[in-house]
Amino acid sequence: MQFEFATTPTVIVRAGAMRQPAGWVGRLPGKRLFVITDPGLVRAGVVAPVVSALEQAGLTVTVYSDVEADPPEARVLAAVAAAQGAGAEVVVGLGGGSSLDTAKLVALLAATPQPLASIYGIGLAKGPRLPLVQVPTTAGTGSEVTPIAIVTTPSQEKKGVVSPLLYPDLAILDAELTLGLPPDVTAMTGIDAMVHAIEAYTSKLKKNPLADSLAREALRLMYVHLPRVLADGHDLESRSAMLVGSMMAGMAFANAPVAAVHALAYPLGGHFHVPHGLSNALVLVPVLEYNLPSAEALYAELAAVINPAQRFASPSAAARWFVDDMSRLVSAMPFAQTLREVGVTEKDLDLLAADAMKVERLLVNNPRLMTLEAARGIYASQL
């Protein structure tokens with residue numbers, strides 16, 4: 001057996017950690033913090049108390065709050081320029097996946113300027129980077145423990161920078177920051193984390209026992225606690241469990257990469273600006289159906305993780321139950337259920353399928369070979 005496994009070196013899981021930062025700010029190698037977030041969190045009143053607590057701890061804080069969903073190249077480069085102008089010594093990502101991904105690239109490019117377009121792909125980035133702290137406010141992307149940053153190019157493609165340099169130095173999981181998440185965002189990001197776990201567990205390449213263990217527990221945590229959080233958004237224990245599940249799924253897919261669900265989701269974000277978690281949710285079930293002939297045994301194992309009674313079923317029956325139960329779960333979520341609801345029409349299917357097939361770095365991980373015809377059929381089934 002041979003494999004490599006890497007992750008963020010230090011993770012703090014503590015409700016209130018950002019409100020009372022004394023326990024961790026002493027680890028920072030600088031005093032001038034550049035906090036990257038989005039305008040929605042500023043309006044929601046999440047950012048101001050965090051900044052106040054950091055300033056009271058003796059730090060100088062500059063806030064950059066112009067992050068956009070599916071961050072476009074131009075906005076990332078504007079954030080880099082702002083960080084350089086502020087003399088940033090430490091970059092802090094505060095928010096969902098777009099803020100955390102932007103923070104990764106700002107920490108890298110502010111310290112080691114290089115053309116962003118030249119580092120799309122695996123292992124092309126050059127360091128060093130600025131020290132980086134990641135603070136997720138959604139339980140979904142797992143970006144705080146992955147070496148990946150996704151950017152939207154001028155041609156509306158979503159491309160990734162993949163490099164060990166993007167692992168942050170410190171991740172802080174503070175469930176208090178997630179208490180105000182509305183149900184639809186909670187559901188989208190929760191399904192996103194479940195997709196990470198499922199695709200990591202069934203990844204054709206780099207599958208390994210550490211990632212498998214993390215993926216199984218991540219899926220179990222999200223399956224148990226997502227309905228609880230949707231029933232009571234202020235359930236702090238379940239909010240914390242969701243953050244941990246999302247992080248574990250992130251650790252899993254950082255080391256056993258995701259596949260066709262993500263490859264088909266990316267064009268929906270790039271062309272229609274569909275939130276990433278919703279994009280994944282919209283194509284999850286038909287991709288599971290497509291993969292079933294090649295992933296039956298693995299789906300059966302995941303079925304037993306979320307429903308121990310499935311251990312006594314045949315592999316084919318347990319796998320069938322798993323796909324059906326994922327369909328049940330997704331259909332019960334408080335978000336759009338069809339591609340037509342997010343603006344996709346029949347005339348868009350060829351473009352979406354063609355763009356999905358360009359995401360080769362993910363499609364090679366799929367348990368079943370994805371074809372252009374199959375991709376188009378999956379999109380068509382969700383109209």
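Brief remarks on what is shown
- Screening the range 247-282 for residues that are in contact with a His (Cβ under 8 Å, 6 or more places away or on another chain) and modelled with pLDDT of 95 or more and picking the one that is nearest to Gln337 (Cα to Cα) gives Asn280.
- Residues of the range 227-270 that turn out to be closer than 15 Å to Pro182 by Cα, out of contact with any Lys or Arg (no Cβ under 7 Å at 6 or more places or on another chain) and aliphatic (A, V, I, L, M), as a count: 4
- Which listed residue is closer than 20 Å to Asp174 by Cα, out of contact with any strand residue (DSSP E or B) (no Cβ under 6 Å at 6 or more places or on another chain), of a type in the set (S, T, N, Q) and open to solvent by 10 Å² or more (accessible area, probe 1.4 Å), from Ser240, Ser246: Ser240
- Pick from the range 254-266, criterion open to solvent by 10 Å² or more (accessible area, probe 1.4 Å) and part of a helix (DSSP H, G or I), ranking: nearest to Ser213 (Cα to Cα): Asn255
- Index of the failed condition, Gly233 passing every other in (1) part of a helix (DSSP H, G or I); (2) surrounded by fewer than 24 Cβ atoms within 10 Å (Cβ to Cβ): (1)
- Looking across Lys126, Lys207, one residue alone is modelled with pLDDT of 95 or more, among the basic types (Lys, Arg), open to solvent by 50 Å² or more (accessible area, probe 1.4 Å) and outside any helix (DSSP H, G or I). It is Lys126.
- The one condition in (1) modelled with pLDDT of 95 or more; (2) of a type in the set (A, V, I, L, M); (3) surrounded by 19 or more Cβ atoms within 10 Å (Cβ to Cβ) that Val42 fails to fulfil: (3)
- Within the range 176-204, the only residue that satisfies the criterion of being under 17 Å from the mean Cα position of the chain (by Cα) and surrounded by fewer than 17 Cβ atoms within 10 Å (Cβ to Cβ) is Asp184.
- Selection count, the range 7-39, where residues are open to solvent by less than 40 Å² (accessible area, probe 1.4 Å) and over 19 Å from Leu179 (Cα atoms): 9
The values are calculated or read from the model by the stated rules, or taken from the named source; none is laboratory data. What you see is a predicted model; the values in this text were computed from it and never measured. For neighbour counting, all protein chains shown are included, and Cβ atoms are generated from backbone atoms with ideal geometry for every residue, glycine included. Surface areas here come from the heavy atoms of the whole protein model, side chains and all, with no ligands, DNA or RNA. Shrake-Rupley method; radii C 1.70, N 1.55, O 1.52, S 1.80 Å.
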